[in-house]
Amino acid sequence: MTEAFRNHGRRFLPLALGLGVMVMAAQSGDDGMKAYAGGPVRCKIEVEQSGNGVELQGVVFASKAVRGSYELLVTKSAGGSRSNISQAGDFDASPGEPTRLGIVQLGGDSGSYNAKLKVKWDGDEVVCHKSAGGWL
């Protein structure tokens, strides 16, 4: 192996890793929808402006009737402080109609939030994420 090839290889690996991170970061900006591969349940975190703040709500979509539980976790960071909100409960979902789960309202300051919705049913699980404000 020549010295020039080794030097290019050393430069290529960090570049490839950096591009991979950029692709994953771009994908994290999706609509917060996740589907369980081969399963009957999809979840989504909907975000809506509400007055001077933002409202986050978990939603489940099912292709068949399912019963399960959910946990909605939201972390908000603003002005050097951090707050955590957690909601959990049971749900029954029917095919063809969205099932609305927990709802969180955040104040309108210039903070960031990271939300995670974990949905469990029949021994399976799907997790959705939604972030805003520059951090994941």
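The values are calculated or read from the model by the stated rules, or taken from the named source; none is laboratory data. From a predicted model like this one, the values you see are computed outputs, not experimental measurements. Cβ placement follows ideal geometry from the backbone for every residue including glycine, while neighbour counts extend to all protein chains displayed.
For residues that are free of Cβ contacts under 8 Å to residues at least 12 places away in the same chain and closer than 29 Å to Ala65 by Cβ, tally how many sit in the stretch 75-109.
Of the residues in that region, 2 qualify.
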Some residue of the stretch 101-110 being among the β-branched types (Val, Ile, Thr) and either at pLDDT 95 or above or not assigned by TED's automatic domain parsing to the domain that holds Glu71 (or both): no
Residue, nearest to the chain's Cα centre (by Cα), within the stretch 57-84, restricted to residues that are surrounded by 14 or more Cβ atoms within 10 Å (Cβ to Cβ) and under 14 Å from Gly133 (Cα atoms): Val74
Residue that is aliphatic (A, V, I, L, M), more than 25 Å from Val41 (Cα to Cα) and in contact with a strand residue (DSSP E or B) (Cβ under 9 Å, 6 or more places away or on another chain), where the choices are Ala132, Ala88, Ala93, Ala78: Ala78
The one condition in (1) aromatic (Phe, Trp, Tyr); (2) out of contact with any strand residue (DSSP E or B) (no Cβ under 8 Å at 6 or more places or on another chain); (3) at pLDDT 95 or above that Tyr70 fails to fulfil: (2)
